[in-house]
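As structure tokens, the structure follows; a few thoughts come after it.
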Amino acid sequence: MEKIKLGISTCLLGENVRYDGGHKLDRFLTDTLGQYVEYVPVCPEVECGLPVPREAMHLEGDPDSPRLVTIRTKQDMTDRMVEWARKRVLALEKEALCGFIFKSDSPSSGMERIKVYNEKGMPVKKGIGIFAKIFMDHFPLLPVEEEGRLHDPNLRENFIERIFTLKRWREVLERKESRGNVVDFHTKHKLLILSHSPKYFQAMGKLVAKAKEIPIKELYQQYQAILMEAFQLKTTPKKNTNVLQHMVGYFREQLSSDEKKELLEVIDHYRQEYIPLIVPITIIQHYVRKYDQPYLKQQAYLNPHPLELQLRNHV
Ligand code: SF4
């Protein structure tokens with residue numbers, strides 16, 4: 001798989017673009033995830049023409065439609081930022097991004113809970129950074145996260161799983177249009193989809209089952225929309241347990257009753273969050289290899305992202 005393209009707030013890469021001339025280097029993003037992705041850096045404040053260093057800014061006014069204002073001299077930068085951001089998102093369309101990692105707490109780049117100050121100088125944490133809002137409105141289905149939230153193992157695993165899945169889907173889009181390619185992608189991702197949402201799993205199954213009756217462009221569009229919506233729903237131990245138990249059913253013939261009992265106990269320990277997901281997954285992978293189980297061995301659920309990222313060691 002070629003590298004995944006991800007947009008990122010430039011300061012997270014260690015570039016000295018912050019208002020105070022500093023950066024916010026995040027080593028996990030550069031050194032670990034960076035091995036698998038190609039970053040497209042975006043610094044809204046510098047790219048809209050502001051210098052480094054510069055006066056610090058914050059959001060003011062209506063939290064639903066705040067103004068971007070410098071804190072000391074009260075210069076309103078909103079129009080300048082909005083005009084630049086609208087052009088920038090159009091340019092980013094050409095990059096075929098699989099997601100964006102925003103810098104938290106920034107009035108330009110933060111994607112949620114940004115302080116917005118009222119006329120008395122009191123903040124409410126209800127704003128969205130000006131560029132982040134325009135980006136998310138323009139690309140509503142793209143996976144987005146903040147670097148701070150990515151320190152949470154569950155959010156990290158979910159975000160990275162989504163970008164890798166989107167990359168695999170984009171590879172389908174690059175190939176010749178064919179219903180068979182959609183069906184093939186769906187077949188390999190069935191259990192991964194099920195781990196996010198049994199409801200969407202059913203809806204996608206119905207769509208694929210009537211693929212021959214739907215004009216091909218419509219099939220691609222509908223499938224992509226449901227896929228992205230499904231992956232916005234997070235996996236949970238309960239949903240993963242359902243998938244793991246489902247997988248055990250494929251070894252009905254091969255496993256002894258002791259082996260099956262042991263595997264189900266491990267799955268139950270995972271459900272109770274005594275052990276991480278990687279433990280039952282590793283045992284099932286072992287049986288998949290041992291018995292060359294044809295359906296399971298092609299499931300993206302068993303290998304949704306590189307093992308080296310160790311994402312399932314912590315969820
Ligand atoms: S938070 Fe955004 S605007 Fe601020 S320095 Fe980082 S990339 Fe630039």
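Every read-out reported here was derived from the displayed coordinates using simple, explicitly stated rules and does not represent laboratory data. Since the structure is predicted, the reported quantities are computational estimates derived from the model, not experimental observations. Quick reminder, even Gly has a Cβ in these numbers, built from the backbone with ideal geometry, and neighbours come from all protein chains shown.
Near Leu302, once Lys and Arg are set to +1 and Asp and Glu to -1 for all other residues with Cβ below 13 Å from its Cβ, the sum equals +4. Only Cα pairs under 8 Å and 6+ residues apart enter the sum, and on that basis the relative contact order of the stretch 254-315 stands at 34 percent.
Across the chain, Cα pairs under 8 Å and at least six residues apart give a relative contact order of 13 percent.
Going by neighbour counts of Cβ atoms within 10 Å, the residues Tyr287, Tyr295 line up, fewest first, as Tyr295, Tyr287. Evaluate the relative contact order of the stretch 14-118 (contact order divided by residue number), counting alpha-carbon pairs under 8 angstrom at least 6 apart; express in whole percent. It rounds to 24 percent for the stretch 14-118. The fewest-to-most ranking of Thr10, Thr236 by surrounding Cβ atoms within 10 Å reads Thr236, Thr10. Cα centroid separation, the stretch 286-315 to the stretch 203-269: 13 Å. Mean residue ellipticity at 222 nm, helices only, the chain: -14000 deg cm²/dmol; runs of at least 4 DSSP H residues each add -39,500 (n - 2.57), and the sum is divided by the number of residues. Say we join alpha carbon atoms closer than 10 Å with springs in a Gaussian network model of the chain; which of Gln232, Gln245, Gln224 then has the biggest fluctuation? With Cα springs under 10 Å in the chain, the top fluctuation among Gln232, Gln245, Gln224 is at Gln245.
In the chain, the DSSP beta bridges split such that about 40 percent are antiparallel, to the nearest 5. Exposure proxy for Arg113, Arg149: other Cβ atoms within 10 Å of each Cβ, ordered fewest to most, give Arg113, Arg149.
Among Lys120, Lys188, Lys167, the residue with the largest mean-square fluctuation in a Gaussian network model of the chain, with springs joining Cα atoms closer than 10 Å, is Lys120. Can you work out the base-10 log of I(q)/I(0) for the stretch 222-315 at q = 0.12 1/Å, using the Debye formula on its C-alpha atoms alone? Computed log10 I(q)/I(0) values: -0.41. When the alpha carbon coordinates of the chain are projected onto the principal axes, the ranges are 75, 48, 34 Å, largest first. Under the convention that each Lys and Arg Cβ holds +1 and each Asp and Glu Cβ holds -1, the size of the dipole of the chain around its Cα centre is about 640 debye.
For the stretch 231-271, the percent of C-alpha pairs falling in each 10 Å distance bin, counted from 0 to the bin holding the largest distance, reads 28, 48, 18, 5.
Which of Ser195, Ser257, Ser106 moves the most in a Gaussian network model of the chain with Cα springs under 10 Å? Taking springs between Cα atoms under 10 Å, the residue moving most is Ser257. Taking GluC sites (Glu not before Pro) across the stretch 5-57, none is in a DSSP loop with at most 12 further Cβ atoms lying within 10 angstrom of its Cβ.
Kirkwood hydrodynamic radius of the stretch 164-281, from the reciprocal of the average inverse Cα-Cα distance over all distinct pairs: 15.8 Å.
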